[in-house]
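**Student:** My questions all concern the structure below.
The values are calculated or read from the model by the stated rules, or taken from the named source; none is laboratory data. These numbers were taken from a predicted model, which means no experiment stands behind them. As a convention, Cβ positions derive from the backbone with ideal geometry for all residues, glycine included, and neighbour counts pool all protein chains shown.
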């Protein structure tokens with residue numbers, strides 16, 4: 001057992017420091033259990049989630065007993081990261097799977113001493129993600145006959161970004177009884193493939209995965225987005241007549257989504273969030289197009305738009321002059337609740353009040369102008385009051401239907417471009433993810 005790492009102390013300084021960092025970053029970690037976690041004796045926590053430094057830190061500081069995490073060194077970058085991994089008792093290995101005998105020996109020694117080991121799902125395995133964990137259990141029980149290893153399948157929900165959720169969920173499943181060794185050769189330990197199949201069966205019961213009906217809806221939604229992207233690309237080609245009516249998702253995409261659903265559901269939640277944002281933008285754009293097309297005064301012709309914009313620009317100074325002259329009138333009528341809908345006063349009474357208030361303010365304003373600027377200035381000023389007031393009314397009527405539709409129509413092209421950019425980002429992200437998945441799994445594209 002020489003060279004084996006010391007078992008980490010769960011309440012050590014570095015564990016408390018990492019937990020403090022999670023608290024400061026407002027990342028709440030919630031531990032859920034199907035039963036009691038094995039407190040003593042060798043235990044292996046088989047995590048369905050792909051390996052990652054953040055996932056390892058979460059498990060190393062949350063599981064209710066000291067654990068050693070088996071993590072690829074490529075996930076621990078920099079001197080600080082390696083120092084922290086060493087202090088937390090991580091076992092680092094090169095590549096995607098621990099194949100070096102010294103690394104396997106370290107992991108087995110942890111179990112031989114009655115410690116706990118955290119092993120993540122094999123990222124490159126599409127059929128048996130738990131094969132590495134099962135092989136470690138087989139070798140540990142083979143080399144130490146009579147020492148059974150308690151296997152806890154673990155489901156982890158790790159949001160891709162903190163915008164989606166700051167809550168990290170851990171579900172520790174009940175102990176998995178390993179298959180018995182062959183009666184003829186009990187020292188051979190349990191069959192690794194049979195044990196891996198049992199672990200994978202528990203993995204597929206991930207407590208955080210999307211339901212079958214919702215996943216089918218998700219697949220259909222993604223298929224429609226891909227179809228729209230293809231149709232848009234094909235429409236730019238000259239004399240291209242093929243449509244996307246018979247387009248369906250490839251088997252590789254469907255298999256990736258179904259496996260990711262129980263291995264890394266947080267990845268699908270992030271993709272679902274992007275699709276929801278895309279659908280929301282589509283609805284907003286369709287609603288604005290419907291408002292413009294279904295208005296009483298449609299703005300389909302270019303010359304009508306030019307006239308509306310010209311009147312809005314030219315008439316703005318006149319409208320502002322009218323507003324300045326009628327601010328006092330509007331304020332008094334507002335206090336009198338003359339503009340309140342569903343008032344108790346009769347309509348004729350409302351117009352009498354408005355007329356009296358307007359005439360009173362006009363008289364006062366003309367008197368003040370004559371007092372300050374003379375009678376000649378008051379004579380020129382008086383006719384502008386009703387004229388500017390009438391045009392202010394006209395301008396308000398212009399702003400309500402036409403200008404609003406004009407502004408809405410001007411936002412549609414920008415919203416369309418935003419929809420296109422988001423769709424391209426979704427397709428690019430999906431293509432990159434599938435390329436990496438197929439490369440790790442050895443699937444030719």
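**Student:** Let me confirm something: among 282, 231, 252, which residue is part of a helix (DSSP H, G or I), more than 21 Å from residue 55 (Cα to Cα) and at pLDDT 85 or above?
**Tutor:** Just one listed residue meets the conditions, 282.
**Student:** Would you call residue 242 at pLDDT 80 or above and assigned by TED's automatic domain parsing to the domain that holds residue 423?
**Tutor:** On the way: at pLDDT 80 or above: no; assigned by TED's automatic domain parsing to the domain that holds residue 423: yes.
When the stated conditions are applied, residue 242 does not pass them.
**Student:** Does region 62-82 hold any residues that are closer than 20 Å to residue 174 by Cα and outside any strand (DSSP E or B), and which are they?
**Tutor:** 62, 63, 64, 65, 66
**Student:** Can you find a residue that is in contact with a helix residue (DSSP H, G or I) (Cβ under 8 Å, 6 or more places away or on another chain) and within 21 Å of residue 385 (Cβ to Cβ) anywhere in region 341-352?
**Tutor:** No, because not a single residue in region 341-352 is in contact with a helix residue (DSSP H, G or I) (Cβ under 8 Å, 6 or more places away or on another chain) and within 21 Å of residue 385 (Cβ to Cβ).
**Student:** Quick check on my filter: what residues within region 348-370 are within 22 Å of residue 331 (Cβ to Cβ) and loosely packed, with under 11 Cβ neighbours inside 10 Å?
**Tutor:** 355, 356
**Student:** Within region 39-56, track down each residue that is part of a loop (DSSP other than H, G, I, E, B) and in contact with a strand residue (DSSP E or B) (Cβ under 6 Å, 6 or more places away or on another chain).
**Tutor:** Start the filter on region 39-56 by keeping residues that are part of a loop (DSSP other than H, G, I, E, B), which leaves 39-42, 51-52.
The answer is 51, and nothing else.
**Student:** Does residue 339 satisfy being at pLDDT below 90, closer than 30 Å to residue 308 by Cβ and either over 56 Å from the mean Cα position of the chain (by Cα) or in a helix (DSSP H, G or I) (or both)?
**Tutor:** It is false that residue 339 is at pLDDT below 90, closer than 30 Å to residue 308 by Cβ and either over 56 Å from the mean Cα position of the chain (by Cα) or in a helix (DSSP H, G or I) (or both).
**Student:** Looking only at region 161-195, which residues are surrounded by 16 or more Cβ atoms within 10 Å (Cβ to Cβ), part of a loop (DSSP other than H, G, I, E, B) and modelled with pLDDT of 70 or more?
**Tutor:** If the condition is that a residue be surrounded by 16 or more Cβ atoms within 10 Å (Cβ to Cβ), part of a loop (DSSP other than H, G, I, E, B) and modelled with pLDDT of 70 or more, then 165, 173, 175, 191 are the ones that fit.
**Student:** Any residue in region 72-87 that is touching a helix residue (DSSP H, G or I) at 6+ places or on another chain (Cβ under 6 Å), buried (at least 23 other Cβ atoms within 10 Å of the Cβ), in contact (Cβ under 8 Å) with a residue 40 or more places away in the chain and assigned by TED's automatic domain parsing to the domain that holds residue 147?
**Tutor:** No, every residue in region 72-87 fails to be touching a helix residue (DSSP H, G or I) at 6+ places or on another chain (Cβ under 6 Å), buried (at least 23 other Cβ atoms within 10 Å of the Cβ), in contact (Cβ under 8 Å) with a residue 40 or more places away in the chain and assigned by TED's automatic domain parsing to the domain that holds residue 147.
**Student:** Any residue at all in region 308-319 that's assigned to a helix (DSSP H, G or I), at pLDDT below 75 and surrounded by 11 or more Cβ atoms within 10 Å (Cβ to Cβ)?
**Tutor:** yes
**Student:** Run residue 419 past the list (1) more than 30 Å from residue 283 (Cα to Cα); (2) in contact with a helix residue (DSSP H, G or I) (Cβ under 8 Å, 6 or more places away or on another chain); (3) in a helix (DSSP H, G or I) and report the number of the one that doesn't hold.
**Tutor:** Failed condition: (1).
**Student:** What's the total number of residues in region 116-133 that are modelled with pLDDT of 90 or more and more than 12 Å from residue 47 (Cα to Cα)?
**Tutor:** Here the count works out to 1.
**Student:** Hey, another quick one. Condition test on residue 263, is it modelled with pLDDT under 85 and in the same structural domain as residue 232 (by TED's automatic domain parsing)?
**Tutor:** no
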